[in-house]
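Participant: The structure under discussion is supplied below as structure tokens; questions concerning it will follow.
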Amino acid sequence: MVTRPRPIATFGIGATGGSERTASWERAPGTSPLSPNSVDPRALQLLALFAQQSKDHALICMDPQGIVVGWLGVAEEIFGYRADEALGQSVARIFMPEDRAKGLDRYELQLAAMNSRSEDDRWHVRKDGTRIWATGTVTAIRDDGGALLGFVKIVRDRTDLRSRVETIELQAAALRDSRERTHLFLKTLGHELRNPLGPVTNAAHIISRLSADPHVVNALQIISRQVAVLTRLANDLMDISRLEAGKVELELKRCDLRKLLTDAAQSLANAASLKQITLSTVLPQGPLMVDIDESRFQQVVLNLLGNAIKYTPQGGSIWLKATQAGAEVLVKVEDTGIGIASEMLPRIFELFTQAHVGPDMVPGGLGVGLAVVRQIVELHGGTVQARSGGAGKGSEFTVTLPAPRADAGLVTGFSTTPDDEVS
Ligand code: ADP
């Protein structure tokens, strides 16, 4: 199929841009940059053979008006036209009709004439009407005097690559779409879950005023604990999409973290004691100042503590520790629970990750809480890390927050003896 057309003798006057000075082959004898004087003849031979034999590239030589004067390399394979069909025709016919209508075929040559080359990555059309994605360049070729001799368009057929890219783009769009729908569903679920909790809590209050019967009191405590768990879950569900979209704004306030941590531990003391779990707080003697959004940070601590209780078997221990180390404030939740396998640790903060599926699964989770924790901590400019020695070896979650500037430099270690035993 390879053809070796000679350039037509004269290109004529009237260049691409209108005022462009064009050259004729006769006017520049011996002045070609490929003159044997300037280039090793072996290189010239190799170039000529490359133009004939290239298995990847189509080389389309054009006069200044874009009329094809050379149809080389794999031009026939790529575009479907034989050389005798292509020569003497405008290069415009390989452009998509919509691109032709926009004048892109002419624009490409004008750009090359102005800048000496133009990039060319676009859909082209083959003789049989099918589309191909071609990548390459168009180079304006000039004689020694700067007059335009014509253009060489070198292209590769990358339809395979483009199709893959388009498939991936479509998949990414579908994933984005499905993620948006998932987030909307989670938000609606959170709303629906939270709505009945108010009336349930009110009804429980009324009952508590009407009866001091120990059975009733016990039942009300169960209701209260379960309502707290559901409220946390509902809040997480409603928050996760806004957090992931970066739509949550913090109301930062400087406060002593010790109070927030003690309150959080107190609020879960009952849940811990029901499983005979010892929940201890280990806090510094002096104030531990941080700039936080209190209700958001409370959500972080309650999620970590709630998990520690959920994933620690009967009779275990949990420590809630906090300290300042240089310019950072560290909050740790450690437990003697079921632990986390090392392969799960890198993914543990991703949405819907559940490390314990199968026989050791602890029911009642959705894999949302830790995703919320990470988002909130990162909004505070902090980080959160999980560590575990593996299954049955307990877990340790460390939240690191930047300490307020005024306190930077103050270093206190974790106290080894609990300051405050909660249960
Ligand atoms: P879930 O609602 O499932 O608890 P989270 O996002 O809070 O969702 O936690 C994700 C997963 O991380 C849990 O399903 C559990 O497998 C694991 N995990 C979290 N905290 C602990 C912990 N303290 N000990 C062991 N595993 C934990």
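Any read-out appearing in this document is the output of simple, stated calculations on the displayed coordinates, not a laboratory observation. Note that the structure is a prediction, hence the values are computed from the model and not measured. Cβ coordinates were reconstructed from backbone atoms using ideal geometry, including for glycine residues, and neighbour counts include every protein chain displayed.
Participant: Assign unit charges at the C-beta atoms only (+1 for Lys and Arg, -1 for Asp and Glu), then state the dipole size of the chain relative to its Cα centre in Debye, rounded to the nearest 20.
Facilitator: Roughly 420 debye for the chain.
Participant: Here is a further query. Quick one: the Cα spread of the stretch 149-196 along its three principal axes, in angstroms, biggest first?
Facilitator: Principal-axis extents of the Cα atoms in the stretch 149-196, largest first: 80, 21, 5 Å.
Participant: Next question. What number results when the radius of gyration of the stretch 249-421, computed over Cα atoms, is divided by 2.2 N^0.38 Å? Don't jump to the answer; show the numbers that get you there.
Facilitator: Details: Rg = 15.5 Å, N = 173, 2.2 N^0.38 = 15.6 Å.
For the stretch 249-421, the normalised Cα radius of gyration comes out at 0.99.
Participant: Kirkwood Rh and Cα-based Rg: tell me the resulting Rg over Rh for the stretch 55-182, rounded to two decimals.
Facilitator: On the way: Rg = 17.1 Å, Rh = 15.7 Å.
Result for the stretch 55-182 is an Rg/Rh of 1.09.
Participant: Pairwise over distinct Cα atoms, reciprocal of the mean inverse distance: report the Kirkwood radius of the chain in Å, one decimal place.
Facilitator: Values: mean 1/r = 0.0358 Å⁻¹.
Taking every pair of different Cα atoms in the chain, averaging 1/r and inverting gives 28.0 Å.
Participant: Quick one: putting +1 on the C-beta of Lys and Arg, -1 on the C-beta of Asp and Glu, what dipole do you get for the stretch 219-286 around its Cα centre, in Debye to the nearest 20?
Facilitator: For the stretch 219-286, the charge dipole is close to 180 debye.
Participant: By how many degrees, 0 to 90 and rounded to 10, does the Cα axis of helix 294-310 deviate from the longest principal axis of the chain?
Facilitator: Compared with the principal axis, the helix lies near 80 degrees.
Participant: Can you spot the lysines whose alpha carbon is less than 22 Å from Lys247's alpha carbon? Ignore those fewer than 8 places along the same chain.
Facilitator: Lys187
Participant: Here is a follow-up. Which of these, Leu320, Leu351, Leu109, has the largest mean-square fluctuation under a Gaussian network model of the chain (Cα springs below 10 Å)?
Facilitator: Of Leu320, Leu351, Leu109, the most mobile in the Gaussian network model is Leu109.
Participant: Identify all lysines with a Cα-Cα distance to Lys310 below 23 Å; exclude those on the same chain that are fewer than 8 residues away in sequence.
Facilitator: By straight Cα distance, Lys310 reaches Lys275, Lys321, Lys332, Lys393.
Participant: Here's a follow-up. I need His205, His215, His356, His124 ordered by Cβ neighbour count within 10 Å, fewest first.
Facilitator: Lowest count first: His215, His205, His356, His124.
Participant: Cut-off is 10 Å between beta-carbons; in what order do Lys332, Lys259 appear when sorted fewest neighbours first?
Facilitator: Lowest to highest Cβ neighbour count: Lys259, Lys332.
Participant: Which lysines, on any chain, are close to Lys55 with Cα under 16 Å apart, when same-chain ones fewer than 8 places away are left out?
Facilitator: Lys153
Participant: Oh, and also: To the nearest 10 degrees, how steeply does helix 41-53 sit against the main Cα axis of the chain, on a 0 to 90 scale?
Facilitator: That works out to roughly 70 degrees.
Participant: On C-alpha positions alone, give me the angle between the axis of helix 214-244 and the longest principal axis of the chain, in degrees, nearest 10.
Facilitator: 20 degrees
Participant: How long, wide and thick is the stretch 171-246, going by the Cα atoms along their three principal axes, in whole angstroms, largest first?
Facilitator: Over the stretch 171-246, Cα extents along the principal axes are 60, 19, 16 Å.
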